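Student: I'd like to ask you about the structure that follows.
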Amino acid sequence: MAPTSEKRRAAQLNEEGLVHYRHWEVEDAVNSFRQAAELDPDLPDHHLNLARALARFGDYEGTLRALGDFLRTETDPALTERFERLFGNAMDAVETLLTEIMTQH
């Protein structure tokens, strides 16, 4: 379990990552979420946010690794089942195109 100071810093990095993610600053979002997950590896949200950002970035292998970390730390079986189904499917053509275009911007 991470010390309190690391948990606070991880929460701050997670919030920064969410801001970057909303603005399609994907590389910055990935870096923030990755640091948050390293500082507080037991909090599933950090891993899930990292997976989302990596998917948007087009790093599907990284997405699956982060999703695996999420599934190992999440304790709600309904939630883990939902994300297993969601990420078990490849992105469709529209999602792929949107991700490619927005990443360029």
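Student: Net charge around Asn31, counting only other residues with Cβ within less than 12 Å of its Cβ (Lys, Arg = +1; Asp, Glu = -1)? Working shown, then result.
Tutor: Details: positive: Arg34; negative: Glu16, Glu25, Glu27, Asp28, Glu38.
Net local charge, Asn31 excluded: -4.
Student: What is the distance, in nm, between label points placed 7 Å from the Cα along the Cα-to-Cβ direction at Glu6 and at Thr75?
Tutor: Going from the Glu6 label point to the Thr75 one covers 1.9 nm.
Student: Below 10 angstrom from the Cβ of Asn14, what's the summed charge of the other residues (Lys, Arg +1; Asp, Glu -1)? Don't skip to the answer; put the middle values down first.
Tutor: Numbers: positive: Arg9; negative: Glu15, Glu16, Asp40, Asp45.
Here the count lands on -3.
Readers should treat all values here as calculations from the given coordinates under stated rules, not as data from a laboratory. Bear in mind that the values here come from a model prediction, so they are computed numbers and not experimental data. Because the Cβ atoms are built from the backbone with ideal geometry, glycine has one as well, and the counts that use them run over all protein chains shown.
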